[in-house]
1. Among the residues of the stretch 121-136, is there at least one that is part of a strand (DSSP E or B), within 28 Å of LEU90 (Cβ to Cβ) and either within 15 Å of the chain's Cα centre (by Cα) or polar (S, T, N, Q) (or both)?
2. From the residues in the stretch 56-71 that are crowded, with 21+ Cβ neighbours inside 10 Å and aliphatic (A, V, I, L, M), which one is farthest from the ligand (Cβ to nearest atom)?
3. Within the stretch 163-172, is there a residue that is within 13 Å of the ligand (Cβ to nearest atom) and closer than 22 Å to LEU228 by Cβ?
4. Can you tell me which residue is nearest to PHE209 (Cα to Cα) among those in the stretch 155-189 that are among the β-branched types (Val, Ile, Thr) and in contact (Cβ under 8 Å) with a residue 40 or more places away in the chain?
5. Among the numbered criteria (1) within 24 Å of ARG89 (Cβ to Cβ); (2) under 16 Å from the mean Cα position of the chain (by Cα), which single criterion is violated by VAL208?
6. When you go through ASP182, ASP133 one by one, which is the residue that is under 22 Å from GLY58 (Cα atoms), surrounded by fewer than 21 Cβ atoms within 10 Å (Cβ to Cβ) and among the acidic types (Asp, Glu)?
7. Scan the stretch 216-228 for residues that are within 18 Å of LYS169 (Cβ to Cβ) and either within 14 Å of the ligand (Cβ to nearest atom) or in a loop (DSSP other than H, G, I, E, B) (or both) and jot them down.
8. Within the stretch 86-96, is even one residue β-branched (Val, Ile, Thr) and more than 16 Å from the chain's Cα centre (by Cα)?
Amino acid sequence: MSFDVHVHPWTRDFMKKNGPIMKACDFFNLDVDKLPASTAQILDEMEAAGVARGVILGQDTSSTRNPAFRNYTLRNDEVAGIAAKSKDRLIPFAGVDPNAGPLAVKELKRAVKGLGMRGLKIHSSANSVYINDRALMFPIYEYCEEVGIPALLHTGTTGLGDTEIRYSKPELVDEVCAAFPDLKLVMAHFGWPWPEVTLAIALRRPNVFIDISGWAPRYIPQSVITYLNGPLQDRFLFGTDYPMLRHKDWMDDFEANLKHKLKPGVSEKLLSGNAKRLLDQG
Ligand SMILES: [Zn+2]
């Protein structure tokens, strides 16, 4: 059974309030009328596609100056609440706004200790803060490393409008790994259009994982598939980026276009084994 590490608990109504997300819908060519009507739909769609578990991601831009992100925050209480109703099928990762300074770490602590959230998600381009910002990001990483939770970082370009890519360049992750050698980091979307940079960092940094979310399997570049089949087969994670890609569509595409290209055992690692290791679930 598979484990999707990149799920946004977004509904159609929430998405419509956010200009940057509506631009992402254009980017992904989505029919807005078919977006999820409720967060309860996530479990139904996973079930129908044989996806047993998923990580749902919080997001916080409440201290971010970019006015386009005014309505973008999903409170950690809300995300933890959705997970609590799922009988442990959904695992909540907290969102914090690095622009809040020390209050961001305080909120993360509350999310982990008080709400039982199991990881962190940051989209640096949404927050306009560099992945390697020593003042704003490093105290957050320090806390993650201390309590042993993974940090999932958006890397590479983004479908979200009203953003700049420069904050999320994958090369910035190497400096974070050097400073926090025990921190488990996920580089989301393999850092495209710099997949080779992402692969190079993962090769030299043993705690780096790579998620393939946001990509229909048929479009995943050959260089990524080569490393997925080779030296990085224990580091790749299945993710959809739901609701930008839906579980059934992703799985059908995987069966038709990628599964047969993978060496024996690689498919199981990608779809669930590596995610269990990321979350220390054996
Ligand atoms: Zn995403």
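1. Yes - at least one qualifying residue is present in the stretch 121-136.
2. Only one residue tops the list, namely ILE56.
3. Yes, because at least one residue in the stretch 163-172 is within 13 Å of the ligand (Cβ to nearest atom) and closer than 22 Å to LEU228 by Cβ.
4. Selected residue: VAL186.
5. (1)
6. ASP133
7. Passing the criteria: only PRO221.
8. For the stretch 86-96, residues β-branched (Val, Ile, Thr) and more than 16 Å from the chain's Cα centre (by Cα): absent.
The values are calculated or read from the model by the stated rules, or taken from the named source; none is laboratory data. Everything quoted here is computed from the prediction, not taken from an experiment. Virtual Cβ from ideal backbone geometry, glycine too; neighbours counted across all protein chains shown.
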